[in-house]
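Read the structure below first, then the notes.
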Amino acid sequence: MVYIKCRDVVAKISDIIDHEASLMTRMRFYGHIMMCKNCRRYFDQFKEVHALAGKVTADDLPPDFEQVMGAVMDEIEGHKDA
Ligand SMILES: [Zn+2]
């Protein structure tokens, strides 16, 4: 898996929030979020802003979130020894 960069996270974040990003984009996005403290904080703030705007709640996750996270975790596990 090719991991995305911080600026790609910023570029994709509204697609993620709006659930318009593809499965692959979400996997890469959440994979980056899990490993990058700065982006994680940015994502949390972004969600809070959208929650305040009434668009989504901070807990609003896509229906396949668990599946996506499972795939992300598999990727991370697989790259541990690399
Ligand atoms: Zn980052």
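Miscellaneous remarks
- For the range 15-57, residues that are farther than 18 Å from residue 71 by Cα, hydroxyl-bearing (Ser, Thr, Tyr) and away from the ligand (no atom under 16 Å from the Cβ) total 1.
- Whichever residue in the range 42-64 is exposed (fewer than 13 other Cβ atoms within 10 Å of the Cβ) and not in a loop (DSSP other than H, G, I, E, B) and, among such residues, is modelled with the lowest pLDDT: 52
- Filter pass, residue 9 being modelled with pLDDT of 90 or more and of a type in the set (Val, Ile, Thr): yes
- With respect to the stated conditions, residue 79 fails to be surrounded by 12 or more Cβ atoms within 10 Å (Cβ to Cβ), modelled with pLDDT under 90, away from the ligand (no atom under 11 Å from the Cβ) and not hydroxyl-bearing (Ser, Thr, Tyr).
The values are calculated or read from the model by the stated rules, or taken from the named source; none is laboratory data. Everything numeric in this text was worked out from a predicted model, so none of it was measured. Note that we place each Cβ from the backbone using ideal geometry, even for glycine, and neighbour counts take in every protein chain shown.
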